[in-house]
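> I am attaching a structure below and will ask some questions about it afterwards.
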Amino acid sequence: MLIRNTHAQKILFGLSLIACIGLIILTLLHAPFIAMLDNLSAQLHMSQLPHSIQLIWHLVAFFNQGFGALFVIFCLAYFLWGFKYKLPAFWVVCTSLFGGLSLHLLDWLIPATHLHQAVQFPAFAIFWASLIYSFFNIFILPELNHFFSRIGLQCLLCMIWLFIFIGSLFQTHVLMSGILFGWSFALVILELFEMLYVHYAPFFARMNGFHNSWY
């Protein structure tokens, strides 16, 4: 099984859930430390960057709107399905759909503001980047035979994730609290669906639509 049942899943799920709840409470109560981080990040603007770097930062906006993330997820699911990883492809799609709906629902329900202006809470770009990073780390990296290929892809994924994390700080209506919440919420969704995968994958593998699927 590509996703194994480990005690770390439950621990990470619990810690991430606690982090999410804590960030919601601290943000709504305008805790001094969170307010300081948000005030610092609110001073960062795209116009402060050189024009050449601004063009690269548009990648973050692409993920921020969800179109870039959906494109990457669709390509990954299509690739997995074509190589007989039908069950993992189905899991990737289900995790992404549930996560995306929950993401927008939370952003709608939680009235996060800064200087009387609505802000993303949780931040979209880092949420999608964290999910996609995990998808590649779970299903693609283990299949690479060469050590240097795995290291190279791992470094590339980490650089892209860090790039999106930093780039999100320069986005309009995105603050540090939202970025931290988006990251934590992505881990909650990921660990929840990993536990569901471990429990239900053998059952789905016996269904006709997933016949001969590796999982």
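> Is it the case, given these coordinates, that PHE62 is modelled with pLDDT under 80 and either surrounded by fewer than 17 Cβ atoms within 10 Å (Cβ to Cβ) or among the aromatic types (Phe, Trp, Tyr) (or both)?
Numbers: modelled with pLDDT under 80: yes; either surrounded by fewer than 17 Cβ atoms within 10 Å (Cβ to Cβ) or among the aromatic types (Phe, Trp, Tyr) (or both): yes.
Yes, satisfied.
> Let me ask another. Counting only residues that are within 14 Å of PHE79 (Cβ to Cβ) and among the aliphatic types (A, V, I, L, M), which one in the stretch 124-140 is farthest from the chain's Cα centre (by Cα)?
ILE140
> Quick check on LEU87: is it surrounded by fewer than 21 Cβ atoms within 10 Å (Cβ to Cβ), more than 12 Å from the chain's Cα centre (by Cα) and not β-branched (Val, Ile, Thr)?
So LEU87 does not fit the description; no.
> Right, another one. Does SER177 meet the test of being touching an Asp or Glu at 6+ places or on another chain (Cβ under 6 Å), among the small types (Gly, Ala, Ser), farther than 19 Å from LEU80 by Cβ and surrounded by 12 or more Cβ atoms within 10 Å (Cβ to Cβ)?
Against the criterion (touching an Asp or Glu at 6+ places or on another chain (Cβ under 6 Å), among the small types (Gly, Ala, Ser), farther than 19 Å from LEU80 by Cβ and surrounded by 12 or more Cβ atoms within 10 Å (Cβ to Cβ)), SER177 qualifies.
> Another one. So in the stretch 173-215, with the set limited to residues that are hydroxyl-bearing (Ser, Thr, Tyr) and touching a residue at least 60 places away in the same chain (Cβ under 8 Å), which one is nearest to SER102 (Cα to Cα)?
So the residue we want is SER184.
> If only one of GLN171, GLN154 is surrounded by fewer than 16 Cβ atoms within 10 Å (Cβ to Cβ) and touching a helix residue (DSSP H, G or I) at 6+ places or on another chain (Cβ under 7 Å), which one is it?
GLN154
> Taking the criterion of being of a type in the set (A, V, I, L, M), closer than 21 Å to ASN137 by Cβ, surrounded by fewer than 19 Cβ atoms within 10 Å (Cβ to Cβ) and more than 13 Å from the chain's Cα centre (by Cα), would at least one residue in the stretch 201-214 satisfy it?
Looking through the stretch 201-214, none of the residues is of a type in the set (A, V, I, L, M), closer than 21 Å to ASN137 by Cβ, surrounded by fewer than 19 Cβ atoms within 10 Å (Cβ to Cβ) and more than 13 Å from the chain's Cα centre (by Cα).
> Being under 30 Å from ILE34 (Cα atoms) and in a loop (DSSP other than H, G, I, E, B) narrows it down to one residue among PHE170, PHE193; which is it?
Exactly one residue qualifies, and that residue is PHE170.
The values are calculated or read from the model by the stated rules, or taken from the named source; none is laboratory data. Just so it is clear, the model here is predicted, and its values are computed rather than measured. Cβ coordinates were reconstructed from backbone atoms using ideal geometry, including for glycine residues, and neighbour counts include every protein chain displayed.
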